[in-house]
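Chemist: Take this structure, written in C-alpha cells, and hold onto it; I'll ask about it next.
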Amino acid sequence: MGYAITGKDLEGLSEDQQAAIMESLLLAVAADRKATADEAKLFEDELNAIPWTLAPDKVMKMVMAARDRVFARKTPAEATSLVQQIGERLTDPSLRTKVYHAVATIMLTDHDITDREQQIMKAYGAAFGLERGDIEAIEADLGADLPSPS
C-alpha cells in the first residue's frame, strides 16, 4: 500500500474532514510540546504534498484555525479527545491508515517517540480502528516500532 494521501482520497471529503487531516498533522508536531525545525519542515512537506480540493488561501486559513484548535489542547486527555473527534470525522479505512502513517512520520523525525507521542499514537490506533497488522506494515515502511492501540 502506498501511504501518500492522493486526490482520490480527498474526493468527496468536506472541509471539516480535510481540516481533520490538517489537525492530525499539526497534532503530530505539537504532541511532545517541543516542535523541532525538522518536524516543522516535515509538517510543511506533508501539508504541501496533499492535493487539497480547496483554494490555497482557504487551505492556509483552515491550517491556522486547525493550529488554534490543536494548541488549545493542554492536557493529554484533551489531545486524546481531539483524536477521537478526528476518528469520527475520517471514516475511510484507507485514509485513516495514510493519516496515521503521516502522523507517525512526523513524530519519528527526531528518532524518538516520547510518552506523550506514544499516548497520541495509541489514541489514533484506537480511534481509527487500526489492527496490529496495519501498524506492523507502517512500522516496516518507516523502519521503527510504534505503540499498539490501547
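The values are calculated or read from the model by the stated rules, or taken from the named source; none is laboratory data. Please read these numbers as outputs of a predicted model, since none were measured by experiment. Quick note on the areas: whole protein, heavy atoms, side chains included, nothing else; ligands and nucleic acids left out. Shrake-Rupley method; radii C 1.70, N 1.55, O 1.52, S 1.80 Å.
Chemist: Which whole number in µm²/s is D for the chain by Stokes-Einstein, with the Kirkwood Rh taken over Cα pairs at 37 °C and 0.692 mPa s?
Modeler: Rounded to a whole number, D works out at 217 µm²/s.
Chemist: Also, quick follow-up: For K122, K8, K74, give the ranking by accessible area with the largest first, probe 1.4 Å. If you can, show how the numbers build up before the last one.
Modeler: Working: K122 75, K8 155, K74 135 Å².
Correct descending sequence by accessible area is K8, K74, K122.
Chemist: Whole number in Å², please: accessible area per residue of the chain, 1.4 Å probe, ligands, DNA and RNA not counted.
Modeler: Working: 7220 Å² over 150 residues.
Result: 48 Å² of accessible area for each residue.
Chemist: On to the next question. Can you tell me the length gained on complete extension of the stretch D112 to M64, counting 0.36 nm per residue apart and subtracting the Cα distance?
Modeler: Working: separation 48, 0.36 × 48 = 17.28 nm, distance 2.69 nm.
Full extension of this stretch gives 14.6 nm more.
Chemist: So, one more: Restricting to lysine pairs 8 or more places apart or on different chains, what number in the chain have Cα atoms under 21 Å apart?
Modeler: 9
Chemist: What does the accessible area of E11 come to, in Å² to the nearest 10, when a probe of 1.4 Å is used?
Modeler: 130
Chemist: Now for a separate question. Before anything else, pin down the relative contact order of the chain: Cα pairs under 8 Å, at least 6 apart, normalised by residue count, whole percent.
Modeler: Reported as a whole number, the value is 30 percent.
Chemist: For the chain, with all protein chains present and a 1.4 Å probe, just round the carbon and sulfur fraction of the accessible area to a whole percent.
Modeler: Details: 3770 of 7220 Å².
The C+S portion of the solvent-accessible surface of the chain is 52 percent.
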